[in-house]
Amino acid sequence: MNSQELNFSRLLQLTAHAWRQAIDRRMKDSGLSVSSWLAVATIALQDAPMNQKELAQLLGLEDASVVPLIDRLVRLQLVERVQPKEDRRKRLLYVTPQGKALYLKLKVEADTLRNELLADIDRDELAIAQRVLQRLLQAIEAK
């Protein structure tokens with residue numbers, strides 16, 4: 001790996017980590033981590049209930065890793081698991097009214113932070129960066 005490739009990989013990792021830390025700092029008063037907030041947001045944004053495996057895939061987590069996350073959200077009464085009558089093996093995830101309200105509040109915070117962080121970046125450059133990241137993600141998912 002040449003130094004440019006190493007720098008890109010390192011910069012990508014550092015940026016993703018710093019982004020998550022910035023969101024964590026902004027949301028610390030809510031008591032939720034970025035992972036918890038993203039899980040609530042993902043469930044809240046779905047048109048239909050989803051199962052744990054689907055949530056894990058959307059969050060990029062292992063199935064086993066998502067279980068304690070959901071357990072925590074259930075204890076906080078932000079999410080509930082519902083067992084459908086037609087398939088007792090499944091557990092569908094629903095955001096509670098409390099979870100939806102918190103999601104909407106934190107979404108405003110996340111949107112504000114994103115706008116602050118991206119304010120000084122030229123829109124054309126941002127569009128290029130988004131295209132590059134999307135192509136990189138597609139390449140990774142194809143492997």
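Of all residues in the stretch 103-117, at least one satisfies being surrounded by 10 or more Cβ atoms within 10 Å (Cβ to Cβ), basic (Lys, Arg) and touching a residue at least 12 places away in the same chain (Cβ under 8 Å).
Here the condition is being farther than 28 Å from Glu141 by Cβ and of a type in the set (S, T, N, Q); of Ser9, Ser30, it holds for Ser30 alone.
Any idea how many residues of the stretch 39-58 are within 21 Å of Lys105 (Cα to Cα) and in contact with a Leu (Cβ under 6 Å, 6 or more places away or on another chain)? Show your work before the answer.
Filtering the stretch 39-58 for residues within 21 Å of Lys105 (Cα to Cα) gives 39-47.
Filter once more, keeping what is in contact with a Leu (Cβ under 6 Å, 6 or more places away or on another chain): 39-40, 42-43.
Total meeting the criteria: 4.
Pick from Gln52, Gln46, Gln21: which is of a type outside the set (Asp, Glu), within 28 Å of Leu136 (Cα to Cα) and touching a residue at least 40 places away in the same chain (Cβ under 8 Å)? So that I can check it myself, show each step before the final result.
Details: Gln46 fails: touching a residue at least 40 places away in the same chain (Cβ under 8 Å); Gln21 fails: touching a residue at least 40 places away in the same chain (Cβ under 8 Å).
Among Gln52, Gln46, Gln21, only Gln52 is of a type outside the set (Asp, Glu), within 28 Å of Leu136 (Cα to Cα) and touching a residue at least 40 places away in the same chain (Cβ under 8 Å).
Whether a residue is closer than 16 Å to Ala41 by Cβ and surrounded by 12 or more Cβ atoms within 10 Å (Cβ to Cβ) was assessed, and Gly99 passes this test.
Values in this text are rule-based calculations from the coordinates and carry no lab data. It should be emphasised that the depicted structure is a prediction, and the values quoted were computed from it without experimental measurement. Heads up, the Cβs are rebuilt from the backbone with ideal geometry, glycines too, and the neighbour counts pull from every protein chain shown.
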